[in-house]
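> This structure is in structure tokens; I'll ask about it shortly.
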Protein chains: 2
Amino acid sequence: MVDQAMSGEIAVVDLLARKRDGGQLTGEEISYLIRGYHDGRVLDSQMAALLMAINWRGLSRSETSFLTQALVDSGRALDLRPVVPMAADKHSTGGVSDKTTLVVAPLVAACGLPVAKMAGRGLSFTGGTLDKLESFPGLRVELTESEFLHTLERVGLVIGGQSPDLAPAEGKLYALRNLTATVPNIGLIASSIMAKKLAAGAQVIVLDVKAGSGAFCKTESEAVDLARLMVEIGQSAGRQVAATISRMDQPLGRAVGNTLEVQEAIATLRGHGPEDVLELSLHLASQMILLSGLYADQAAASARLQRALEDSTALDKLAQMVEVQGGRSADVYHPENLASAPYVETLRAQRAGYVTAVDALKVGVACLTLGAGRTKKDQSIDHAAGIVLHAKRGSYVGVSDALAEIHCSDDRKLGRARELLEDAFAWGEEPPGEIALIASATVL
Amino acid sequence: MVDQAMSGEIAVVDLLARKRDGGQLTGEEISYLIRGYHDGRVLDSQMAALLMAINWRGLSRSETSFLTQALVDSGRALDLRPVVPMAADKHSTGGVSDKTTLVVAPLVAACGLPVAKMAGRGLSFTGGTLDKLESFPGLRVELTESEFLHTLERVGLVIGGQSPDLAPAEGKLYALRNLTATVPNIGLIASSIMAKKLAAGAQVIVLDVKAGSGAFCKTESEAVDLARLMVEIGQSAGRQVAATISRMDQPLGRAVGNTLEVQEAIATLRGHGPEDVLELSLHLASQMILLSGLYADQAAASARLQRALEDSTALDKLAQMVEVQGGRSADVYHPENLASAPYVETLRAQRAGYVTAVDALKVGVACLTLGAGRTKKDQSIDHAAGIVLHAKRGSYVGVSDALAEIHCSDDRKLGRARELLEDAFAWGEEPPGEIALIASATVL
């Protein structure tokens, strides 16, 4: 009764106190908090305290759905239907050298399912699709809404940056989470990802949730929990959603670094990429076209995808998109012409034996020191820098065999990167056991 | 190693993450955070997240001491030694109608131990000594440092507002805790109280930690924990500190409300106040003068205090302080002349029986609705408004006997206050068991 006599400001404190004490917030209350935060009535400090209380007490499934919807409702959602009857989107929770979007998106588009993806930039050891795409000279990823829709209509494929108009409170909240050490909560992560996906308008959403040392989810069971939560949020918002759990212990493929990864993605579309990149890409693409209902079953979907690779229509889709977004399609057909790093050093094995692990996080950090990634938002990066692995988990290596190539534009950075990279390799006398790349094929 | 490459801003995030994950902060780190918060390098949102993480994970004893010292070091500490060789201070953790400061401070000063107290204002159902003192027309509590020291030197007794120069980060942090629902943590409470006490310069500090329904600590064991922590902080800073645990289930004394409480405090100094007010006041005063080392033992201290009451020197001290701080000493000798409320209504019992409880919180809220307290900082209050209890725990009351008087300047407020007040009384057929007012005589 004291509180009733008090101002609206105090009502916010009451909601924070409820979450602090382990209680639940209603949809209306969450919506009030997010609206208030977006328009400034709820202070940064109050939202930060709420975020830490959520890290402490967690969010229920319904609270997570309400939060996601409140974030979507903070802006307007993109309507893709004026240009395509149905579109698909794909999201990975982030890892090292995950270039599958560059393979999956053109593949799916070539099978007749338009792909409209808003991607992110790399931060710390995790790469970002936008940075990879910018390895194509001239290509623009910061598209206006009409450019985004126009590219989607014309090519059936577009990959752009996240529009600040979509779920704007999500961006504000995400920045606050980074500043306040309140990132690692499953409900906050799920709602942050799904708010962007829901606002971006695709009907079909496939999620690639990474598990392993180089991912946010260290264990598969954490990844399954996150995947289930996101699928549930998406389905309760009326979308077709599925998720895959894939391993992120070692880098995906052999190339790590923006231009190097683009080249590897193109090689995969041409049928001579690394097996793991192909396997995961086909799996995710197949999930997308199955969810769309355009193909009757797995066999039909697989056959169609195989054809899109073989007849080069997937590669052509990528080339068209690059062209429409301001790049040169010739670079897709001749990726060897993309700018390369002036310094390439080979790291050689000091010993013989089996490689039992190539730590993704450590490789990612080595790339970061080469300038391939950024430690702060808005930092410029060196697209040509990176690492190409010659040995991966399970490889047998003799003394002096090549373990990796280090690509760099500044040879002063080589020494530190070499040390970090060397430390990423673990060794054994026996071949390590198999770990399936796709840990859990489908979470529905 | 990623973090090392990042900015100072990120270092703060690392500290927040450590506390979030249940780790400990060093003295240097806590000092860095408080300095940064005070000068704006650490954002409000970051401090709010830290505060919630502290509510979650707690503070160790050493962290609490470090935090207290960091808050003291955010400003300069007051040096009382130029005007008095030793001074005493007293702090209560807050309750309803606790007017003991107005009795204890003049009593102790009259025994030759100067008292320099910085007091607070009331908020919500809890009263504040400054508001009570302002019942004396003309009396000023917002004193400059030189006025504070001058009054202390001249009278041996001064009660003023907390100087914003002392432990300024404490004030900023306290405001943030109120906004962010991060108040109820024992380490934060202890460091907040003790930072102000240490900065205010007294060598002798006696703490009255309240336990019960009308106090922050609902149980005696919580109160003992808080008391121990504060005593430890004070002792490790080289002060003479002791604490008492006293019950705050029902209001202390009979008068609730500023002028009414001043009148009751003066009655106590004259030897005809309520027994509970006298008992607690003598106990706290005796702790203070024993800690000072000016009296050999409890018996000597008690005898001296008794004399200060009987020879009226304690009352004279209060009168001198009121005069030097701008009021009229005549009001101390004739408190019946202080402005009274135009409306006085008697609440009568609807039934006969024993009063088994008079809920302090409910009585406090009833007073709040009368205008005797404030719900927001800087709100003006009605000094004459309040309640005088005629029945307390253990009283036998017949039908239509007076339970309380309600004093009010606005008769429209009477109805609501009467309802709240009626609800504060609990009844039984048998007399309730005794509860000792002083639950734990001394915590050292």
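> Taking segment B:126-148 only, how many residues are assigned to a helix (DSSP H, G or I), buried (at least 20 other Cβ atoms within 10 Å of the Cβ) and out of contact with any strand residue (DSSP E or B) (no Cβ under 8 Å at 6 or more places or on another chain)?
Qualifying residue count for the region: 2.
> Output the residues belonging to segment A:362-379 that are part of a loop (DSSP other than H, G, I, E, B), within 21 Å of A:Glu419 (Cβ to Cβ) and within 9 Å of another protein chain (Cβ to nearest Cβ).
Answer for segment A:362-379, where residues must be part of a loop (DSSP other than H, G, I, E, B), within 21 Å of A:Glu419 (Cβ to Cβ) and within 9 Å of another protein chain (Cβ to nearest Cβ): just A:Thr375.
> Just to be sure, is A:Arg154 basic (Lys, Arg), part of a helix (DSSP H, G or I) and more than 14 Å from chain B (Cβ to nearest Cβ)?
Values: basic (Lys, Arg): yes; part of a helix (DSSP H, G or I): yes; more than 14 Å from chain B (Cβ to nearest Cβ): yes.
Taking the combined requirement at face value, the residue satisfies it.
> Looking only at segment B:415-441, count every residue that is crowded, with 16+ Cβ neighbours inside 10 Å and of a type in the set (Val, Ile, Thr) and tell me the total.
So the answer is 1.
> Name, by its number, the condition in (1) buried (at least 22 other Cβ atoms within 10 Å of the Cβ); (2) within 14 Å of chain B (Cβ to nearest Cβ) that does not hold for A:Leu123.
Status for A:Leu123: all satisfied but (1).
> Separate question: Among the residues of segment B:21-41, which ones are part of a loop (DSSP other than H, G, I, E, B), at pLDDT 95 or above and surrounded by fewer than 19 Cβ atoms within 10 Å (Cβ to Cβ)?
Filtering segment B:21-41 down to residues part of a loop (DSSP other than H, G, I, E, B) leaves B:21-26, B:40-41.
Okay, now just the ones that are also at pLDDT 95 or above, so B:21-26.
Within segment B:21-41, B:Asp21, B:Gly22, B:Gly23, B:Gln24, B:Thr26 qualify.
> To continue, here is another question. Which count do you get for residues in segment A:403-413 that are crowded, with 18+ Cβ neighbours inside 10 Å and of a type outside the set (Lys, Arg)? Let's see the steps before the verdict.
Filtering segment A:403-413 for residues crowded, with 18+ Cβ neighbours inside 10 Å gives A:403-408, A:413.
Of the ones still in play, those that are also of a type outside the set (Lys, Arg) are A:403-408.
Number satisfying all stated conditions: 6.
> Also: Find the residue count for segment A:316-346, including only residues that are part of a helix (DSSP H, G or I), of a type in the set (Gly, Ala, Ser) and under 25 Å from the mean Cα position of the chain (by Cα).
In the first step, residues of segment A:316-346 are kept if they are part of a helix (DSSP H, G or I); the result is A:316-324, A:329-333, A:335-337.
Restricting the remaining residues to those that are of a type in the set (Gly, Ala, Ser) gives A:319, A:329-330.
Subset that is under 25 Å from the mean Cα position of the chain (by Cα): A:319, A:329.
Of the residues in segment A:316-346, 2 are part of a helix (DSSP H, G or I), of a type in the set (Gly, Ala, Ser) and under 25 Å from the mean Cα position of the chain (by Cα).
> All but one of (1) among the basic types (Lys, Arg); (2) open to solvent by 10 Å² or more (accessible area, probe 1.4 Å); (3) touching a residue at least 24 places away in the same chain (Cβ under 8 Å) hold for B:Arg18; state the number of the condition that does not hold.
All conditions are met except number (3).
> Does segment A:380-402 hold any residues that are surrounded by fewer than 23 Cβ atoms within 10 Å (Cβ to Cβ), modelled with pLDDT of 95 or more and either assigned to a strand (DSSP E or B) or of a type in the set (S, T, N, Q) (or both), and which are they?
A:Val388, A:Ser395, A:Tyr396, A:Val397, A:Ser400, A:Ala402, listed by residue number.
> Being touching a Gly at 6+ places or on another chain (Cβ under 9 Å) and over 20 Å from B:Leu130 (Cα atoms) narrows it down to one residue among B:Pro274, B:Pro184; which is it?
B:Pro274
> Just a yes or no: is a residue in segment A:352-359 open to solvent by 70 Å² or more (accessible area, probe 1.4 Å) and in contact (Cβ under 8 Å) with a residue 12 or more places away in the chain? Let's see the steps before the verdict.
First pass over segment A:352-359, keeping only residues open to solvent by 70 Å² or more (accessible area, probe 1.4 Å): none.
Scanning segment A:352-359 turns up no residue that is open to solvent by 70 Å² or more (accessible area, probe 1.4 Å) and in contact (Cβ under 8 Å) with a residue 12 or more places away in the chain.
> In segment B:42-72, how many are within 14 Å of chain A (Cβ to nearest Cβ), in a helix (DSSP H, G or I) and not β-branched (Val, Ile, Thr)? Can you show your working first?
So the first thing to find is which residues in segment B:42-72 are within 14 Å of chain A (Cβ to nearest Cβ), and the list is B:42-58.
Next cut, in a helix (DSSP H, G or I) only: B:44-57.
Now narrow it down to the ones that are not β-branched (Val, Ile, Thr): B:44-53, B:55-57.
Residues meeting the conditions: 13.
> Something else now. Tally time: how many residues in segment B:110-125 are under 20 Å from B:Glu279 (Cβ atoms) and not in a loop (DSSP other than H, G, I, E, B)?
2
> Report whether or not A:Thr180 is in the same structural domain as A:Arg239 (by TED's automatic domain parsing) and surrounded by fewer than 19 Cβ atoms within 10 Å (Cβ to Cβ). Walk me through it before giving the result.
Details: in the same structural domain as A:Arg239 (by TED's automatic domain parsing): yes; surrounded by fewer than 19 Cβ atoms within 10 Å (Cβ to Cβ): no.
No: the conditions fail for A:Thr180.
> Quick one: B:Thr356 ticks every box in (1) closer than 28 Å to B:Pro137 by Cβ; (2) β-branched (Val, Ile, Thr); (3) in a strand (DSSP E or B) except a single one, so which number is it?
Result: B:Thr356 passes all but (1).
The values are calculated or read from the model by the stated rules, or taken from the named source; none is laboratory data. If you're wondering where the values come from, they're calculated on a predicted model, not measured in any experiment. Backbone-built Cβ (ideal geometry, glycine too); neighbour counts: all protein chains shown. Accessible surface areas use protein heavy atoms only, side chains included; no ligands, DNA or RNA. Shrake-Rupley method; radii C 1.70, N 1.55, O 1.52, S 1.80 Å.
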